[in-house]
Amino acid sequence: MEAMAISYSNTVTQDVPVYVALDVSSADDALRIVDRLGDVATHYKVGLQLYLAQGRSLVEELVRRDKRVFLDLKFHDIPNTVYHAVQEAALLGVDLVTVHALGGKQMVARAVEAATEVGERSGKKTGVLAVTILTSMGGSDVQDIGLRNPLPESSLALASLAEAAGAFGVVCSAAEVARIRRDYKS
């Protein structure tokens, strides 16, 4: 079982949520993890594998159990399609949802707009996280997809785009965290 921390300080404390990655294919396996952890863990990440295998019903069950859900589906499509996808995610009651910053400023802004609109109606805020560069990608991969700048600069530029579009935060590799944190303290 993997865990990832989304931290806003230099150390993980009780104030900083730790998201347990439910990287399994069945609702039974996912809920066994949730049951085994009980009140020790309240924040869970649902990614593509589990969401495609089990769909909305698992997310609804986690929310029903008062668990905080990070829906990591990395939306990347035309702005209108992403708007509607994020709207649906926010209606599920998830706390966080991911989009690809490579989709552009307008796409990220539309995702934020959708989350904000649902939050204003429901009273439950969903934060949009923009993925800069996938952590599996290296310098040559960045060149292969046509980005002019080296990987660290490309990641920083995408973080800047995400901030300008109103994203709640970014997902980036550990190698870029310090620089992004330094340049974007707000």
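Brief remarks on what is shown
- Of the residues making up the range 98-122, those that are closer than 19 Å to Ser155 by Cα and either touching a strand residue (DSSP E or B) at 6+ places or on another chain (Cβ under 8 Å) or hydrophobic (A, V, I, L, M, F, W, C) (or both) are Thr98, Val99, His100, Ala101, Leu102, Gly103, Met107, Val108, Ala109.
- Exactly one residue out of Val94, Val34, Val118 is in a loop (DSSP other than H, G, I, E, B) and at pLDDT 95 or above: that is Val94.
- Residue count for the range 56-76, restricted to those that are open to solvent by less than 80 Å² (accessible area, probe 1.4 Å) and within 17 Å of the chain's Cα centre (by Cα): 11.
- Within the range 120-138, if we keep just the residues that are closer than 30 Å to Asn149 by Cα and of a type in the set (S, T, N, Q), the residue that is least open to solvent (accessible area, probe 1.4 Å) turns out to be Thr132.
- Every pair of residues 6+ apart whose Cβ atoms lie under 6 Å, when the first sits in the range 130-143 and is farther than 16 Å from Val170 by Cβ and without any contact (Cβ under 8 Å) to a residue 60 or more places away in the chain while the second is among the charged types (D, E, K, R) and surrounded by 14 or more Cβ atoms within 10 Å (Cβ to Cβ): none
- Pick from the range 19-37, criterion in contact (Cβ under 8 Å) with a residue 12 or more places away in the chain and more than 20 Å from the chain's Cα centre (by Cα), ranking: surrounded by the fewest Cβ atoms within 10 Å (Cβ to Cβ): Ser26
- Failed item in (1) open to solvent by less than 30 Å² (accessible area, probe 1.4 Å); (2) under 29 Å from Ala164 (Cα atoms); (3) in contact with a helix residue (DSSP H, G or I) (Cβ under 8 Å, 6 or more places away or on another chain), with Leu50 passing the rest: (2)
- So Tyr8, is it among the aromatic types (Phe, Trp, Tyr) and modelled with pLDDT under 95: yes
- Every residue from the range 161-180 that is closer than 14 Å to His100 by Cα, over 14 Å from the mean Cα position of the chain (by Cα) and in a helix (DSSP H, G or I): Leu161, Glu163
- Glu117 falls short of the stated requirement of being open to solvent by 60 Å² or more (accessible area, probe 1.4 Å) and charged (D, E, K, R).
- The lone exception for Val97 - which of (1) surrounded by fewer than 17 Cβ atoms within 10 Å (Cβ to Cβ); (2) aliphatic (A, V, I, L, M); (3) within 28 Å of Leu151 (Cβ to Cβ) it fails: (1)
- Long-range neighbours under 7 Å by Cβ, at least six apart or interchain, first residue of a type outside the set (Val, Ile, Thr) within the range 110-124, second surrounded by 15 or more Cβ atoms within 10 Å (Cβ to Cβ) and assigned to a loop (DSSP other than H, G, I, E, B): Ala115/Thr126; Gly119/Thr126; Lys124/Gly93
- Of all the criteria given as (1) open to solvent by 60 Å² or more (accessible area, probe 1.4 Å); (2) at pLDDT 95 or above; (3) outside any helix (DSSP H, G or I); (4) not β-branched (Val, Ile, Thr), the one not satisfied by Gln14 is (2).
The values are calculated or read from the model by the stated rules, or taken from the named source; none is laboratory data. If you're wondering where the values come from, they're calculated on a predicted model, not measured in any experiment. Here Cβ is always computed from backbone atoms with ideal geometry, including for glycine, and neighbour counts include all displayed protein chains. What goes into the accessible areas is simple: the full protein's heavy atoms, side chains included, and nothing from ligands, DNA or RNA. Shrake-Rupley method; radii C 1.70, N 1.55, O 1.52, S 1.80 Å.
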